[in-house]
Amino acid sequence: MSGLPELSTARLSLRLARPAMADAMARFLADNWTGHLDRWSPPAGPGWFEPAFWRARLERSEFEWRSGTAARFVVQPLGPESGEVIGSINLTNVVRGPFQACHLGYQIARSHEGQGLMHEALDALVAFAFREMRLHRIMANYVPTNARSAKLLDRLGFVREGLAKDYLFIDGAWRDHVLTAKTFAAFEQDWLDVPGR
């Protein structure tokens, strides 16, 4: 996979985040942070809403993709690449060897909630992670009061595995998180990249 992946669904384009998207990412976060994304996210650091911050961050994102440690996608309306970002989906902390797993994070604009768009996007990206990235396990964690995430992950086939106390600092306090995961039953053993074998 040498290029930067792009996926399409019935209504969406999922594109690997790149530096040219810095302005759109900064705008998406500035428009959706207060009273929406901030309820479920770690605190915004210095420069979080500035294009310069996102240019540097998205340069690292390209490097992470090429090195196989993460895949960070933006969610956009279907069609030719536009400046509008309506969400993001991140597959991070990719670990290979006998684990073949990652963490999943996602967010969507407040104006696009409740339309099934994140389900549509995640359905495509989970299939991509399993079949193209050849992962076996995707872990997704959420604050127990986030009923939308609970319902979404359940619909996608993620299984609740436990509760982590004081897991992340979010919205001014350490928050517990429900731990969920989905595994790929069709994972093939010859996909393993185990050092020493």
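The values are calculated or read from the model by the stated rules, or taken from the named source; none is laboratory data. Because the structure is predicted, anything quoted here is derived from the model rather than measured. Because the Cβ atoms are built from the backbone with ideal geometry, glycine has one as well, and the counts that use them run over all protein chains shown. Only protein heavy atoms, including side chains, enter the accessible area calculation; ligands, DNA and RNA are left aside. Shrake-Rupley method; radii C 1.70, N 1.55, O 1.52, S 1.80 Å.
A few remarks follow.
- Of the residues Gly45, Gly3, Gly83, the single one that is within 24 Å of Arg131 (Cβ to Cβ) and modelled with pLDDT under 90 is Gly3.
- Count of the stretch 159-187 residues which are out of contact with any strand residue (DSSP E or B) (no Cβ under 9 Å at 6 or more places or on another chain) and open to solvent by 80 Å² or more (accessible area, probe 1.4 Å): 2
- Index of the failed condition, Trp40 passing every other in (1) within 25 Å of Leu192 (Cβ to Cβ); (2) touching a residue at least 60 places away in the same chain (Cβ under 8 Å): (1)
- In the stretch 86-110, residue surrounded by the most Cβ atoms within 10 Å (Cβ to Cβ) [restricted to those that are modelled with pLDDT of 95 or more and outside any strand (DSSP E or B)]: Ile86
- Annotation note: of Ala52, Ala22, the sole residue that is hydrophobic (A, V, I, L, M, F, W, C), open to solvent by 30 Å² or more (accessible area, probe 1.4 Å) and either out of contact with any helix residue (DSSP H, G or I) (no Cβ under 9 Å at 6 or more places or on another chain) or assigned to a helix (DSSP H, G or I) (or both) is Ala52.
- Number of residues in the stretch 111-127 that are open to solvent by less than 30 Å² (accessible area, probe 1.4 Å) and touching a Lys or Arg at 6+ places or on another chain (Cβ under 7 Å) equals 2.
- Breaking point among (1) in a loop (DSSP other than H, G, I, E, B); (2) surrounded by 12 or more Cβ atoms within 10 Å (Cβ to Cβ), for Asp154: (1)
- Sole exception among (1) in contact with a helix residue (DSSP H, G or I) (Cβ under 8 Å, 6 or more places away or on another chain); (2) farther than 20 Å from Leu91 by Cα for Trp33, by number: (1)
- Candidate set: the stretch 29-43, residues that are in a loop (DSSP other than H, G, I, E, B) and under 23 Å from Cys102 (Cα atoms); chosen: the one least open to solvent (accessible area, probe 1.4 Å): Ser41
- Of all residues in the stretch 10-19, those that are within 22 Å of Arg60 (Cα to Cα) and open to solvent by less than 10 Å² (accessible area, probe 1.4 Å) total 4.
- Filter pass, Asp190 being open to solvent by 50 Å² or more (accessible area, probe 1.4 Å) and either among the small types (Gly, Ala, Ser) or farther than 22 Å from Met25 by Cβ (or both): yes
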